[in-house]
Structure formats: C-alpha cells, structure tokens
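Colleague: Below is the structure I would like to discuss, written out as structure tokens.
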Amino acid sequence: MKWNGWGRAAVAAGMMLVQVAGAGAAESGKAGGKLAGKATAASAASQPATLVGRMGRMPGGRYGEVSVVRPEGDVHGFVVLYSAAGGWSAADQATAEALAKAGALTVGVDTARYAANLARDKESCHQLVGDAEAVSHQLERQLKTSRYFAPIVAGIGQGGALARQVLAQAPENTISGAVTVAPAATLDARFRMCPPDPTVSRRKTPGFVDSAATGDAARLVSLLAPHLRDGSADELDVSDLPLVELPARQGGMAAGEGLLAIVISGDGGWRDLDKTIAEALQKDGVSVVGWDSLRYFWSEKTPAQTSHDLARVMQTYLARWHASHVALIGYSFGADVMPFAYNRLAQPLKDKVSVISLLGFAPSADFQIRVTGWLGMPASDQALQVRPEFNKLPLKQVQCFYGATEQDTLCPALAGSGAQVIKTGGDHHFGGDYLALERQILDALRRNAAGR
C-alpha cells in the first residue's frame, strides 16, 4: 500500500487512535517521512482512548481532545462539528447529541483549541481538510461502519466560517459538504489555509453548501438532517457500486471511436491523479467510468466478487455508451487489484479490453481499505501476491508506470516480460505530471484498438 494524495495530510493531522468498546481492537500505524504540518501520530496514539457507550472524549490529533457522539442505531453520516470562537460549550454538546439522534456519527471540535494548536505549528500554511478526513477514516473504521461516509463539516459563527473554508480547500469526493449558520465574516488568521492543489482538477465547489444567515443550533440540525442517508439509494448508477460517470464530450478527438475507460482509484478515493486522468480522457473523447476504491473496498471484497462487479460495469457501459474498446486503468490500490479482476472475466469481456494500465503497481494486493495503508505501511498479512496474476495477463496490452524514486513498486521487475514498463519522474505521484500519463494511456488505447 502506498501514500495517496491527502493521506499525507491525514498523517500530518496526527491520526488519532481509538478503541471503541464493542467494536474490536484499535488499529495502529506509524508515520514516516517529511509531512505537511510536521505533526505525528505519536501524541494522539500513545494512550489509546475508549469510547464507552454512545458518548466520550478522546485525542483528535491537531484538533486536540474531541467530543464523540454516535447514533443508537445505524450510522447514516459523519459530521465534524466546529464550535464557535469561544470554544466547545454545553450548547455545542447538545447540538452534537441532536445530530447523533438524526443518525450522524458526530465529532465535536473546540475551534479555539484547534486554532491555538495550529499557531504552534511552524508550517507556512495548513491542509485543514486532512484533519477532518483523518478523523472520519479512523472512527468509521474502528466502528466498522457498513460503508464509508465522507464527512460533512458544520458550525455556527467562527465554526461556520471554518467549515466553509475546509470545503473550499477540499478535493472532490473528500468532504460531502458544509452546513453553516450565521458564519463569521472572517476566519481566525491562525488557520492559515493552504490554497487548493493546482495539479488536481476541480469544480468551483467540491460539495454541497447549506447555509442560513441567522439562526441557532436547531436551525443547523434542520439544515443538516436531510443530508443523512442510509446509503441504500445514493450510489451513482449501477446499483450498489460507487461509480462516477464521465461520458465522452461530443467533438473530442476520439469521438466516434467507441472508446471506454474504467478507472479504479487509489485507496484515497476518487480524487487527485485518477480523477484528473479520467477528466483528461473525457476531454479527448473517451467515455470514462470512475470507480471509487475507498467506498467500494471499505468492506472486504474477494477477487471473484471484484471481477463480477467489473463485469457488470463493463456490460452496462459498453451497451449504454455504444463502446467497443475498453481501457482498464488502476492507480495504486486500484492497480494492485486489477490483474485479479481481469483474469476472472469471461472471455467475451476480455476480448473487449485493448489496454490495461497499471500506475503505482505494488507486489501485493489487499482487498479491503486499511488505516495503515494511508500511513504508507506495507500490505497486510492477508494481502495476495500479485506477480502470479500479472503473469496471466495479455502482457503486450499492459502498461506499468512507476516513479523514479518510488520504492514499493513491482514495475522494474517486469522489464522484459512483454509489458510496456514506463519510468517517470517523481515518486508515487509521478512528479504531478498527470496529463503526460493520460497521453501515453490514450495513445496505447488507440493503437491497440486499431489493431484489433
């Protein structure tokens, strides 16, 4: 497992280590390398906290101690609730409990303490979205939620201003949205927000915004409650699968060629590299289906189940978009599982695949998202060796991309196998030149499709 996008910021946040009563032992991990914020997991993880019953307080990394309230029944969403400028109060606690009654697993953050903690950090700016995402990853994994809920950030006054800015900083598919009441006009200068990453394509607002100019805690709860759902009907098309549709734009260079790409993301979800490459392919006339690994592999899958679902996606979109030639593209976690999924397809579907592009390809594959994977640690004891599956692929149709300084990659060992092994600058993120990757993938797709 490798670093993926905002996983770096999650570690910088100081990942909290939580043991939830009745939910199994806490997972552990360690951070390494130079990280934004220079905070470490050590302070948060040195004394694991236990949430007894529905409510408790525990370490929250750069947030400091946080209040946690979980629903009595199923979790229908995850909320990071920021206090007003004066700090966490009894009224804030009551709001958190009301949100939990509505189905939200709620983490309460003392905004004043958070600002003070950041003021002691010597970084020139802060990736605050990583703090919210780190807490959601860790708590949802510890509670063994049936699916992953991206956090909703919310607050009143200064907390509302902070929630808005966290959403504005976020890549798509990391923060669900922001709910604010009477947000302050300015944000405390100690938060020193970093600008959005310019290498990541993004829309103007990467999530919903519900806001009221005036009101109280009851108003906040009423605005937020409609966004809490049980997950039974909020996936993007093909039934239960977390997919993103990017149909080819008319007039693109490849329009009319019948090209389809299925992109399985890294373990950070649909964002950064995978999303940017997919959108570039779409602009070039290739219809793309994005597959969010964070959500799909939140619960453990088997190779057979993954392949079965890949077959469903291929059959659906080959018909819907009248495609004839398929590119299977995987990044990091998505690359590791791709050979297992392809090899178990029926032959008629294999015959539709013109290129298999593996980016940041590792020697072993997990089939469930792990907290330690976000920390850059090795694959789990349950991970499957990839090389035997790779050897079964149609190697002349395979591309393997790796960065010159990348450590945990199988690609160099595949030289001479018949696959196209491509070395780029940089590390697991290829020096940020995602469009160069897209051009090589598109060239291979067109070339192989023309020869079939």
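Colleague: Please find, among 257, 279, the residue that is more than 24 Å from the chain's Cα centre (by Cα) and assigned by TED's automatic domain parsing to the domain that holds residue 383.
Modeller: Step by step, each of 257, 279 is checked, and only 257 is more than 24 Å from the chain's Cα centre (by Cα) and assigned by TED's automatic domain parsing to the domain that holds residue 383.
Colleague: Restricting to segment 437-452, count the residues that are over 12 Å from residue 329 (Cβ atoms) and in contact with a Ser or Thr (Cβ under 7 Å, 6 or more places away or on another chain).
Modeller: Summing the residues that are over 12 Å from residue 329 (Cβ atoms) and in contact with a Ser or Thr (Cβ under 7 Å, 6 or more places away or on another chain) in segment 437-452 gives 3.
Colleague: Next question, about the same structure. Which one is modelled with the highest pLDDT among residues in segment 242-251 that are surrounded by 12 or more Cβ atoms within 10 Å (Cβ to Cβ) and more than 27 Å from residue 210 (Cβ to Cβ)?
Modeller: Among those residues, the one meeting the criterion is 247.
Colleague: When you go through 288, 355, 263, 313 one by one, which is the residue that is in contact with a strand residue (DSSP E or B) (Cβ under 7 Å, 6 or more places away or on another chain), surrounded by fewer than 24 Cβ atoms within 10 Å (Cβ to Cβ) and touching a residue at least 40 places away in the same chain (Cβ under 8 Å)?
Modeller: 313
Colleague: Could you list, ordered by first residue, the pairs with Cβ atoms under 6 Å in which the first is in segment 187-201 and buried (at least 16 other Cβ atoms within 10 Å of the Cβ) and the second is at pLDDT 95 or above and of a type in the set (Gly, Ala, Ser), at least 6 apart or interchain?
Modeller: 187/161; 188/115
Colleague: Tally up the residues in segment 151-175 that are assigned to a loop (DSSP other than H, G, I, E, B), surrounded by 22 or more Cβ atoms within 10 Å (Cβ to Cβ) and of a type in the set (Gly, Ala, Ser), please.
Modeller: 1
Colleague: Could we say that residue 323 is assigned to a loop (DSSP other than H, G, I, E, B), buried (at least 16 other Cβ atoms within 10 Å of the Cβ), in contact (Cβ under 8 Å) with a residue 40 or more places away in the chain and in the same structural domain as residue 441 (by TED's automatic domain parsing) here?
Modeller: The answer is yes for residue 323.
So that you can scan it fast, the table gives a plain yes or no per residue for (1) touching a Lys or Arg at 6+ places or on another chain (Cβ under 9 Å); (2) at pLDDT 95 or above:
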| position | (1), (2) |
| --- | --- |
| 341 | no, yes |
| 349 | no, no |
| 388 | no, yes |
| 394 | yes, yes |
| 397 | no, yes |
| 410 | yes, yes |
| 425 | no, no |
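Colleague: To continue, here is another question. Can you tell me how many residues within segment 395-423 are part of a loop (DSSP other than H, G, I, E, B) and under 13 Å from residue 358 (Cα atoms)?
Modeller: 3
Colleague: Name the residue that is farthest from residue 79 (Cα to Cα), counting only residues in segment 121-140 that are of a type in the set (Asp, Glu) and in contact with a helix residue (DSSP H, G or I) (Cβ under 8 Å, 6 or more places away or on another chain).
Modeller: Across segment 121-140, the extreme among qualifying residues is 121.
Colleague: Could you tell me whether residue 213 is at pLDDT 85 or above, surrounded by fewer than 16 Cβ atoms within 10 Å (Cβ to Cβ) and on the phi < 0 side of the Ramachandran plot?
Modeller: Yes, satisfied.
Colleague: Could you grab me the full set of residues in segment 296-307 that are surrounded by fewer than 23 Cβ atoms within 10 Å (Cβ to Cβ), outside any loop (DSSP other than H, G, I, E, B), of a type outside the set (A, V, I, L, M) and in contact (Cβ under 8 Å) with a residue 12 or more places away in the chain?
Modeller: Scanning segment 296-307 gives 303, 306, 307.
Colleague: Taking the condition of being surrounded by 19 or more Cβ atoms within 10 Å (Cβ to Cβ) and either touching a Gly at 6+ places or on another chain (Cβ under 7 Å) or free of Cβ contacts under 8 Å to residues at least 60 places away in the same chain (or both), how many residues in segment 430-452 meet it?
Modeller: Adding up the residues that qualify gives 1.
Colleague: Do you know which residues across segment 326-349 are surrounded by fewer than 24 Cβ atoms within 10 Å (Cβ to Cβ) and not aromatic (Phe, Trp, Tyr)?
Modeller: Hits for segment 326-349 are 343, 344, 345, 346, 347, 348, 349.
Colleague: Something else about it: As an exercise: evaluate residue 233 against (1) in a loop (DSSP other than H, G, I, E, B); (2) modelled with pLDDT of 90 or more; (3) outside the structural domain of residue 324 (by TED's automatic domain parsing) and give the number of the one condition it does not meet.
Modeller: Every listed condition holds for residue 233 apart from (2).
The values are calculated or read from the model by the stated rules, or taken from the named source; none is laboratory data. Values in this document were obtained by computation on a predicted structure and should not be read as measured data. Cβ: placed from backbone, ideal geometry, glycine included. Neighbour counts: every protein chain shown.
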